[in-house]
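Bear in mind these aren't lab numbers, they're just calculated from the coordinates by the rules spelled out. Nothing here was measured: the structure is a model prediction, and the numbers come from that model. Cβ coordinates were reconstructed from backbone atoms using ideal geometry, including for glycine residues, and neighbour counts include every protein chain displayed.
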Ligand code: 8YV
């Protein structure tokens, strides 16, 4: 049996249904009763960025062999527990890198050039009564990237196309990248117009963008988050934005998805999108194929396609 944690993609769900005895966890009224009944038949879990597998669920399923995640980020899975119990874990890297980097640039442009507001201006008929106010240039602005992994590097490459000087923070300096390294996020923020969160969420990176970092970014600086909500201290971000200590924010992720702090709804200097960085037909299909391919390889005793644990 395969346990799917929440609805994620209809193509994936249909294929899982065809190939396995599929259980949809979100449709079970009594989770504990379900687990008690099926604990000896569930061999695989399919999770994503919103629903993974914690230590309790892993312990409740003694026949669990593999967790195949429909995401690159694995912060919702207890990886330590998986290692300890010999449970394999796979994710969906590479296939979503371009889309996530594209959306980061999209958020920057939408925020600085006020595209959403411009669109509302035209639709509301206000253009007849005067031109839209001036906005802020993107080309040439310094971009600071937290985490220069696959996604961070793809954002850097795109921003270079806009003649932006690139700065970055990561745990260790990367030789040969040709971007300016800062050993702390505060220094990175001090020296960047645009700060982009592109690292994995771990205990070390939770609230990596705190009040001090936002103040270093400053009233003219903007924050872009395509990582995970908990990378940013959201309460402090709301305060910094409303008090004018932070210039703006373009956000794909939030601390309590799908809940977004309502204080943000009235602000013009924010662009809010509902965790859609990888959400194109092309990429979600490629992600689904990786989830399916990993399960197929596992049950056929072949090497996994994208093994993390
Ligand atoms: C998805 C993601 O939104 O890959 C990740 O880590 O956050 C996203 O690609 C999500 O897993 C799809 O449900």
For segment 245-293, what is the convex hull (Cα atoms) projected area averaged across all directions, in square nanometres?
4.8
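Which FRET efficiency value, to the nearest 0.05, do you get for residue 21 and residue 286 by plugging their Cβ-Cβ distance into 1/(1 + (r/R0)^6) with R0 = 30 Å?
Computed FRET efficiency for residue 21 and residue 286 comes out at 0.75.
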For segment 61-137, what is the per residue volume of the convex hull drawn over the alpha-carbon atoms, in cubic angstrom?
139
What number does segment 1-155 give for Rg over Rh if you use C-alpha atoms and the Kirkwood radius?
1.17
Which residues in segment 221-253 place their backbone N less than 17 Å from a point set 7 Å from the Cα of residue 262 along the Cα-to-Cβ direction?
235, 238-239
Roughly how many nanometres apart are two label points built 7 Å out from the Cα toward the Cβ at residue 299 and residue 171?
3.5
Value of Rg/Rh across segment 52-106 [Cα atoms, Kirkwood radius]:
1.12
Run the numbers on the chain and let me know its relative contact order in percent, using alpha-carbon pairs under 8 Å that are six or more apart.
17
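How would you classify segment 133-213 from its alpha-carbon gyration tensor, with a ≥ b ≥ c the square roots of the eigenvalues: rounded for a/c under 1.5, else prolate if a/b is greater than b/c, otherwise oblate? Please list the in-between numbers first.
Working: a/c = 1.82, a/b = 1.29, b/c = 1.41.
The shape class here is oblate.
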Gaussian network model of the chain, Cα within-10 Å springs - most flexible of 81, 126, 141
126
The ratio Rg/Rh over the Cα atoms of segment 169-299, Rh being the Kirkwood inverse mean 1/r radius, stands at 1.04
Given the peptides 273-280, 188-195, 218-225, 32-39, arrange them by the average over their residues of other C-beta atoms within 10 Å, most packed first.
188-195, 218-225, 273-280, 32-39
Both in Å, the radius of gyration and Dmax of the C-alpha trace of segment 1-51 are 10.6, 29
Under Stokes-Einstein, with the Kirkwood radius over Cα pairs standing in for Rh, what whole-number D in µm²/s applies to segment 97-272 at 37 °C and 0.692 mPa s?
201
Any chance you could list the semi-axes, whole Å, largest first, of the equivalent ellipsoid that the Cα gyration tensor gives for the chain, using √(5λ)?
38, 22, 18
Considering the chain as a Gaussian network with a 10 Å cut-off on Cα pairs, which listed residue, 228, 19, 284, attains the greatest mean-square fluctuation?
19
Here FRET efficiency (C-beta to C-beta, residue 219 to residue 122, R₀ 30 Å, nearest 0.05) is 0.55
So, relative contact order of segment 97-272 in percent, Cα under 8 Å, 6 or more apart, is 20
Multiply the residue separation of residue 235 and residue 129 by 0.36 nm, subtract the distance between their alpha-carbon atoms, and state the gained length in nm to one decimal.
34.4 nm
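Of the listed peptides 295-307, 236-248, what is their order by residue-averaged count of other C-beta atoms within 10 Å, with the highest listed first?
236-248, 295-307
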How high is the relative contact order of segment 1-139, in percent, with contacts defined as C-alpha pairs under 8 Å that are six or more residues apart?
17
